[in-house]
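K.L.:
Following this message is one structure expressed as structure tokens.
The values are calculated or read from the model by the stated rules, or taken from the named source; none is laboratory data. The shown structure was predicted, so the numbers you read here are calculated from the model rather than taken from an experiment. FYI the Cβ positions are ideal-geometry reconstructions off the backbone, even for glycines, and counts take in every protein chain you see. For accessibility, only protein heavy atoms count, side chains too; no ligands or nucleic acids. Shrake-Rupley method; radii C 1.70, N 1.55, O 1.52, S 1.80 Å.
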Amino acid sequence: MEWLHTHLLSERRPRRKQALSKRTPWDLVGLLILAGMVAAFHVGKAPPALPSIRDDLGAGLRQSGWLLSIINLVTAAAGMAIALTADRLGHRRLILFGTGLCLATSLLGGAVGSPQVLLGLRVLEGLGFITVVVAIPPLVVRLATPADLRLALAAWSTYMPAGAGVMMLISALALLELSWRWVWWIAAAASGAMLLALLLRTTRRHELDPIAATRRPILAEMAEVATSGGPLAIGICFGAYSCCWFAIVGFLPTLQVERLHFTQETAALVTTLVTMVNIGGNLLAGWLLQRRVPRVVIIVAATVSMAVCASAIFIDGVPDLARLVLAGVYSAVIGVVPGCLFTAVPVHAPRPQLIGAATGLLMQVSNFGALIGPPITAALVSAGGWPAAAWMTSIALGIAALAGLFLHWRERRRLWS
């Protein structure tokens, strides 16, 4: 397709020619990335707060699990549909709406007295979260120059580990003295400040105005993206990555408490740090792509090497403290995968008008992987002990590597056809 061919050529164009184009408004791009991080606060606030919620509201284990995973479920179910809605109503409007929804639901959530009501508000928080994070990438693509696009999208890929990680740290520290309700209100305050910043800084920025385009029916565009090899492979690669990453990070607190005898507070802080080192990999991907290292080399090198690392976390014979170090190494290195995949979306979208929908598909499959990774790991561990989990991590990362190879084959085939 002509769009893919043109974009691939632009990726290989010498930087001297690209330097003649307009400059990237990094202040605006940075604000949008920060808006995604604040949206991710509402994902990261919950894990450290669960014990406090259970003590205060009497929530059961099943309800606690849903409080953690319901946002993933909303995203897995509605990512592409919301992205296409943003394309029609305007991305800026949807970012403002989603940020406002996170503000309102978190503010109300801190005052509820029932776990059922809190869970209902978490569903709405999930809607606000996905509305923000699928509406931002098309704007970043529009704002960034071709020379800066890969770096800008790699920076965007940090929104989840940075936002969720920072809020997990804030939550863990706040809970030393305060109840979970203050954690909800702190996240609400952050969304309120972001909403004000967005209103002040984006309302008069005409480069964010909706662009008129001929649209097909939503279901037709969803089918076009879902049946396109590139976006589907990107989603599968991200889903396999998420399946493995959330399985390891999800069971890391258990490893620390049961094997290393850390307190729950210390385990939460260490898990937060392991989550946040993922940011380094995200940014490293942008740095490597800017220096023309092929996506396939980064993805395959990271997934194959980290398959060995992930297996070592679970197999017998590895010292428990070494498992913790390996988890940090894994999180940092495997972070190059999201950085590569977000930059691949503009390349593989069927049409420029469907970049948002392709991002929505990526988010859907990614969150599906996040949903199934921990329970699959738990089932394997229950059946065969901790070493059995190495089968899941190896298979998942093998799928990610194969998807990366398919993306490379597709790019080469389209470029030279």
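K.L.:
What residue, of ARG215, ARG291, is farther than 25 Å from ASP55 by Cβ, open to solvent by 50 Å² or more (accessible area, probe 1.4 Å), touching a residue at least 12 places away in the same chain (Cβ under 8 Å) and among the basic types (Lys, Arg)?
P.N.:
On the way: ARG291 fails: touching a residue at least 12 places away in the same chain (Cβ under 8 Å).
Matching residue, one of ARG215, ARG291: ARG215.
K.L.:
Looking for something part of a helix (DSSP H, G or I), of a type outside the set (A, V, I, L, M, F, W, C) and surrounded by 19 or more Cβ atoms within 10 Å (Cβ to Cβ) - is there at least one such residue anywhere in segment 378-392?
P.N.:
Within segment 378-392, the first condition is being part of a helix (DSSP H, G or I), and the residues that meet it are 378-384, 386-392.
After this cut, where a residue has to be of a type outside the set (A, V, I, L, M, F, W, C) as well, the list is 382, 384, 387.
So of that shortlist, the ones also surrounded by 19 or more Cβ atoms within 10 Å (Cβ to Cβ) come out as none.
No: zero hits.
K.L.:
Okay, next question. Scan segment 144-154 and give yes if some residue there is of a type in the set (D, E, K, R), surrounded by 23 or more Cβ atoms within 10 Å (Cβ to Cβ), in contact with an Asp or Glu (Cβ under 8 Å, 6 or more places away or on another chain) and closer than 27 Å to VAL277 by Cβ, otherwise no. Please lay out each step first, then the result.
P.N.:
From segment 144-154, those of a type in the set (D, E, K, R) are 148, 150; that's our starting set.
Those left that are additionally surrounded by 23 or more Cβ atoms within 10 Å (Cβ to Cβ): 150.
Then keep just the ones that are in contact with an Asp or Glu (Cβ under 8 Å, 6 or more places away or on another chain); that gives 150.
In the following step, the residues that additionally are closer than 27 Å to VAL277 by Cβ were identified as 150.
Yes.
K.L.:
Can you tell me which of (1) open to solvent by less than 40 Å² (accessible area, probe 1.4 Å); (2) of a type in the set (Val, Ile, Thr); (3) closer than 19 Å to ALA401 by Cβ is the one ILE236 doesn't meet?
P.N.:
Exception for ILE236: condition (1).
K.L.:
Does segment 81-113 hold any residues that are open to solvent by 10 Å² or more (accessible area, probe 1.4 Å), within 28 Å of ALA247 (Cα to Cα) and in contact with a helix residue (DSSP H, G or I) (Cβ under 6 Å, 6 or more places away or on another chain), and which are they? Spell out the reasoning first.
P.N.:
Of all residues in segment 81-113, those open to solvent by 10 Å² or more (accessible area, probe 1.4 Å) come to 81-82, 85, 87-89, 91-94, 96-97, 100-101, 103-104, 107-108, 111-113.
Subset that is within 28 Å of ALA247 (Cα to Cα): 81-82.
The one that is open to solvent by 10 Å² or more (accessible area, probe 1.4 Å), within 28 Å of ALA247 (Cα to Cα) and in contact with a helix residue (DSSP H, G or I) (Cβ under 6 Å, 6 or more places away or on another chain): ILE82.
K.L.:
Looking at segment 256-278, which of its residues are over 19 Å from ALA396 (Cβ atoms), in contact (Cβ under 8 Å) with a residue 12 or more places away in the chain and either surrounded by fewer than 18 Cβ atoms within 10 Å (Cβ to Cβ) or aliphatic (A, V, I, L, M) (or both)?
P.N.:
Scanning segment 256-278 gives ARG259, LEU260, GLN264, GLU265, ALA267, ALA268, LEU269, VAL270, LEU273, MET276, VAL277.
K.L.:
Continuing with the same structure: Determine if segment 310-320 includes at least one residue that is surrounded by 23 or more Cβ atoms within 10 Å (Cβ to Cβ) and either among the β-branched types (Val, Ile, Thr) or touching a strand residue (DSSP E or B) at 6+ places or on another chain (Cβ under 6 Å) (or both). Walk me through how you get there before you give the answer.
P.N.:
Our first condition is that a residue be surrounded by 23 or more Cβ atoms within 10 Å (Cβ to Cβ); within segment 310-320, this holds for 310, 313-314.
Then drop every residue that is not either among the β-branched types (Val, Ile, Thr) or touching a strand residue (DSSP E or B) at 6+ places or on another chain (Cβ under 6 Å) (or both), which leaves 313.
Yes, there is a match, as at least one residue in segment 310-320 is surrounded by 23 or more Cβ atoms within 10 Å (Cβ to Cβ) and either among the β-branched types (Val, Ile, Thr) or touching a strand residue (DSSP E or B) at 6+ places or on another chain (Cβ under 6 Å) (or both).
K.L.:
Right, something else. Looking at TRP409 and the list (1) part of a helix (DSSP H, G or I); (2) in contact (Cβ under 8 Å) with a residue 60 or more places away in the chain; (3) not β-branched (Val, Ile, Thr), which single condition is not satisfied?
P.N.:
(2)
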